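Computed from the coordinates by the stated procedures, all read-outs in this text should not be read as laboratory data. These numbers come from a predicted model, not from an experiment. Cβ coordinates were reconstructed from backbone atoms using ideal geometry, including for glycine residues, and neighbour counts include every protein chain displayed.
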């Protein structure tokens with residue numbers, strides 16, 4: 001699956017979250033799905049999702065987690 005298709009999936013999954021939910025991009029996938037994606041795809045998806053968050057009013061970036069992963073809040 002391409003990073004763009006994964007981004008489309010993430011955008012669809014956001015609809016299942018409640019306002020105020022805090023999440024990581026990886027939380028939008030089942031654990032066994034996320035670990036199967038190559039690292040380069042996960043990094044690209046993270047960049048695409050951050051760009052989406054900065055240009056839409058559905059999620060907002062928060063501080064990074066202790067592990068350095070970007071956190072988001074559903075608006």
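Of note:
- Each residue in region 29-42 was checked for being in a helix (DSSP H, G or I), surrounded by 12 or more Cβ atoms within 10 Å (Cβ to Cβ) and either without any contact (Cβ under 8 Å) to a residue 24 or more places away in the chain or touching a strand residue (DSSP E or B) at 6+ places or on another chain (Cβ under 6 Å) (or both), and 3 of them qualify.
- Entry remark, region 3-28: residues being part of a loop (DSSP other than H, G, I, E, B) and in contact with a helix residue (DSSP H, G or I) (Cβ under 8 Å, 6 or more places away or on another chain) number 0 in total.
- Residues in region 46-75 that are part of a strand (DSSP E or B) and closer than 18 Å to residue 3 by Cα: 1 in all.
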